[in-house]
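Asker: Encoded as structure tokens, here's the structure I'll be asking about.
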Amino acid sequence: MDVVVERDEAACGATVADVFDRAVRSGARTIGLATGSSPLSVYRELIRRHREEGLSFAAVRAFLLDEYVGLPAGHPQSYAQVIRTEFASHVDLAGVSGPDGGSSDLSCAADSYDALVVSSGPVDVQLLGIGANGHIGFNEPGSALDSRTRVTTLTSQTRQDNARFFASVDEVPRRVITQGLGTISSARHLVLIATGEHKAKAVAAALEGPVTAECPASVLQRHLMVTVVLEEGAAKLLGRVRSGDAAGH
Ligand code: GLP
């Protein structure tokens, strides 16, 4: 596991963008995208490189990690729409796929999305944020480390955390479809970005605590190719950060 600590959010974005830039220029065909605030600096930098440095995604298909259930198509907070607004509409991706949170058969929609990710994959590089409770995608604490894409229910903490994107917490959907931890782990390269001291506890548990369903992001410790890019505040509780081997692996 490579752990890189950067001074601020923009530097984190540039470092993660470097990973995607290298992968895409050397032939990656599938990338995995994440929502939330943390990846926004990465998207800004990739858009800049697309416009100014000839970085093309024309041969690349993107796959989303997760989606809220029940938001109308085109709702500004549906993750498909967020990715369109923040990234996809500014670059030349060959396509973007995500789970169908508006399906009348959600469990079937989850299964078919898992099958799509598997048959199109493995995803070459998967971007991840981390929730304050250690969730990745929408795999809340208690998610099996080998779980597949499924319908699940958000914790009240995650609904509170995400309420800032909605008019009130009551508008945050309770149910979501998320790629499972097993699905996410099937990507070749996992890249996690975290900024801010409010993530420090989750980051330390994920990288240095036991591998357990109680901290879903701890599944990263089992993966062979992981890059973690942290802003100083988010790295604050790491005991063993040294270049190239923070988690002692
Ligand atoms: C949501 C997303 C996650 C994301 C998390 C953290 O719950 N489903 O993929 O990692 O938020 O978001 P933020 O980066 O805004 O803190």
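The values are calculated or read from the model by the stated rules, or taken from the named source; none is laboratory data. From a predicted model like this one, the values you see are computed outputs, not experimental measurements. Don't worry about glycine lacking a Cβ; one is built from the backbone with ideal geometry, like all the others, and counts go over all protein chains shown. Only protein heavy atoms, including side chains, enter the accessible area calculation; ligands, DNA and RNA are left aside. Shrake-Rupley method; radii C 1.70, N 1.55, O 1.52, S 1.80 Å.
Asker: For the stretch 214-232, which residues satisfy the criterion of being buried (at least 17 other Cβ atoms within 10 Å of the Cβ) and aliphatic (A, V, I, L, M)?
Answerer: First, the residues of the stretch 214-232 that are buried (at least 17 other Cβ atoms within 10 Å of the Cβ): 215-221, 223, 226-231.
Hits for the stretch 214-232 are A217, V219, L220, V226, V228, V229, L230.
Asker: I would also like to ask the following. Residue under question is H198, and the condition is that it be over 21 Å from D114 (Cα atoms), open to solvent by 20 Å² or more (accessible area, probe 1.4 Å) and not aliphatic (A, V, I, L, M); does it hold?
Answerer: Against the criterion (over 21 Å from D114 (Cα atoms), open to solvent by 20 Å² or more (accessible area, probe 1.4 Å) and not aliphatic (A, V, I, L, M)), H198 qualifies.
Asker: Could you pull out the residue among V69, V118, V60 that is farther than 22 Å from G182 by Cα, in contact (Cβ under 8 Å) with a residue 12 or more places away in the chain and among the hydrophobic types (A, V, I, L, M, F, W, C)?
Answerer: Exactly one residue qualifies, and that residue is V60.
Asker: Additional query: In the stretch 92-102, how many are open to solvent by 30 Å² or more (accessible area, probe 1.4 Å) and of a type in the set (G, A, S)?
Answerer: 3
Asker: What are the residue pairs meeting all of these: first residue in the stretch 197-209, first residue closer than 13 Å to E231 by Cα, second residue assigned to a helix (DSSP H, G or I), Cβ atoms under 6 Å, and 6 or more apart or on different chains?
Answerer: That search, which allows pairs on different chains as well, returns E197/G233; K199/A234; A200/A234; V203/A234.
Asker: Could you tell me which residue of the stretch 166-183 is farthest from A132 (Cα to Cα), considering only residues that are within 12 Å of the ligand (Cβ to nearest atom) and in a strand (DSSP E or B)?
Answerer: Taking the candidates together, the pick is I177.
Asker: Name the residue, out of V172, V229, V219, that is within 25 Å of R148 (Cα to Cα) and under 14 Å from the mean Cα position of the chain (by Cα).
Answerer: That would be V219, the only listed residue that is within 25 Å of R148 (Cα to Cα) and under 14 Å from the mean Cα position of the chain (by Cα).
Asker: Next up: From the list V211, V118, which one is open to solvent by 10 Å² or more (accessible area, probe 1.4 Å), outside any strand (DSSP E or B) and touching a helix residue (DSSP H, G or I) at 6+ places or on another chain (Cβ under 6 Å)? Spell out the reasoning first.
Answerer: On the way: V118 fails: touching a helix residue (DSSP H, G or I) at 6+ places or on another chain (Cβ under 6 Å).
Of the residues listed, the single one that is open to solvent by 10 Å² or more (accessible area, probe 1.4 Å), outside any strand (DSSP E or B) and touching a helix residue (DSSP H, G or I) at 6+ places or on another chain (Cβ under 6 Å) is V211.
Asker: Continuing with the same structure: Out of everything in the stretch 50-78 that is within 15 Å of the ligand (Cβ to nearest atom) and under 15 Å from S97 (Cβ atoms), what residue ends up being farthest from the chain's Cα centre (by Cα)?
Answerer: Looking at the filtered set, the residue picked out is S78.
Asker: Sticking with this structure for a sec: Being closer than 25 Å to F138 by Cβ, in a helix (DSSP H, G or I) and within 12 Å of the ligand (Cβ to nearest atom), is that true of even one residue in the stretch 18-37?
Answerer: Within the stretch 18-37 (the criterion being closer than 25 Å to F138 by Cβ, in a helix (DSSP H, G or I) and within 12 Å of the ligand (Cβ to nearest atom)), the answer is no, since none of the residues qualifies.
Asker: Here's another thing I want to ask about it. Look through S186, S147, S156 and report the one residue that is away from the ligand (no atom under 11 Å from the Cβ) and open to solvent by less than 40 Å² (accessible area, probe 1.4 Å).
Answerer: S147
Asker: Next question. Can you name the residue in the stretch 66-91 that is surrounded by 14 or more Cβ atoms within 10 Å (Cβ to Cβ) and either touching a His at 6+ places or on another chain (Cβ under 8 Å) or hydroxyl-bearing (S, T, Y) (or both) and, of all such residues, is nearest to V151 (Cα to Cα)?
Answerer: Y68
Asker: Could you list all residues from the stretch 159-179 that are open to solvent by less than 50 Å² (accessible area, probe 1.4 Å) and either touching a residue at least 12 places away in the same chain (Cβ under 8 Å) or polar (S, T, N, Q) (or both)?
Answerer: Residues satisfying the conditions are R159, N162, F166, S168, V172, P173, V176, I177, T178, Q179.
Asker: What pairs come up if the first residue lies in the stretch 27-46 and is under 13 Å from A14 (Cβ atoms), the second is away from the ligand (no atom under 11 Å from the Cβ) and open to solvent by 10 Å² or more (accessible area, probe 1.4 Å), and their beta carbons are under 6 Å apart, counting only those six or more places apart or on different chains?
Answerer: Sorted first by the residue in the stretch 27-46, then by its partner, the pairs are S41/A10; Y43/E86; E45/A14.
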